[in-house]
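Below is one structure, written out as structure tokens, with a few remarks after it.
Every number here is computed from the coordinates shown, using simple stated rules; none is lab data. A quick note: this is a predicted structure, and the numbers were derived from the prediction, not measured. Cβ: placed from backbone, ideal geometry, glycine included. Neighbour counts: every protein chain shown.
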């Protein structure tokens, strides 16, 4: 009797496992990069030319940009039914301390002097730069080319994260050079099902470099300064 009960339990467990596998193959899900997260590293070396704006709260929209080469492969969970298609959705997470929102841009602290806001190009059928952070932004390409059932999914070229803009926010005025160590500004996740993302980012964007503010008070040749 005990042996029969064990056999029955084993069969029941097997059917539950099979049902779970069938369910997984019947729906869309996250996309996973082949070989791990692709890293984009941008170098920023810019000078604030208008020193009159070297004040707390000053913003410089689209102060700099990055346009990096590099592609990666990725496969997505899809149902076995090839008649089912879905959009490819993106989520951008900013792993920095939030500072403020100004005109739809979210600024995050880089160091004691500056904060930045970023946007990133979502290509495909959308072809637009989207302010970070965001979730469930589609690239407007309803297809199955990224599905893991397709051997060709690993041949698809992904560039998401490779292009974007930076806007600058002055936290504390400074003169001279403000160093930016290698800092992650974005993790980009991809899915075929809204709000269902994996734990591995498709790509991550890092910036490093410096922002320079020259001395603002200069006298032109022949000028005099009167001190009472």
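Which semi-axis lengths, in whole Å and largest first, follow from the square roots of five times the eigenvalues of the Cα gyration tensor of the range 44-145?
On the way: eigenvalues 256, 40, 28 Å².
Equivalent-ellipsoid dimensions as semi-axes: 36, 14, 12 Å.
Short version: what are the Cα gyration tensor semi-axes of the range 143-217, square root of 5 times each eigenvalue, largest first, in whole Å? The partial results should precede the final answer.
Working: eigenvalues 315, 31, 20 Å².
Taking √(5λ) for each Cα gyration eigenvalue gives 40, 13, 10 Å.
So how do 53, 91 line up by other beta-carbon neighbours within 10 Å, fewest first?
On the way: 53 16, 91 20.
Going from sparsest to densest Cβ surroundings: 53, 91.
Which of 205, 48 has the fewest other C-beta atoms within 10 Å, and how do the rest follow up to the most? Spell out each step's value before the answer.
Details: 205 27, 48 22.
Sorted ascending by nearby Cβ count, the order is 48, 205.
Expressed as a rounded percentage, what relative contact order does the range 28-213 have, with Cα pairs under 8 Å and six or more residues apart? Present the calculation step by step, with values, prior to reporting the outcome.
On the way: 486 pairs, mean separation 70.5, N = 186.
About 38 percent, as a whole number.
Order by neighbour count: 107, 206, fewest other Cβ atoms within 10 Å first, most last. Working shown, then result.
Details: 107 22, 206 17.
Arranged by neighbour count, lowest to highest, 107, 206 become 206, 107.
Debye calculation, C-alpha points only, no solvent: report log10 I(q)/I(0) for the range 28-213 at q = 0.15, 0.16 Å⁻¹, in the same order as the q values.
Debye intensities relative to I(0), on a log10 scale: -0.83, -0.92.
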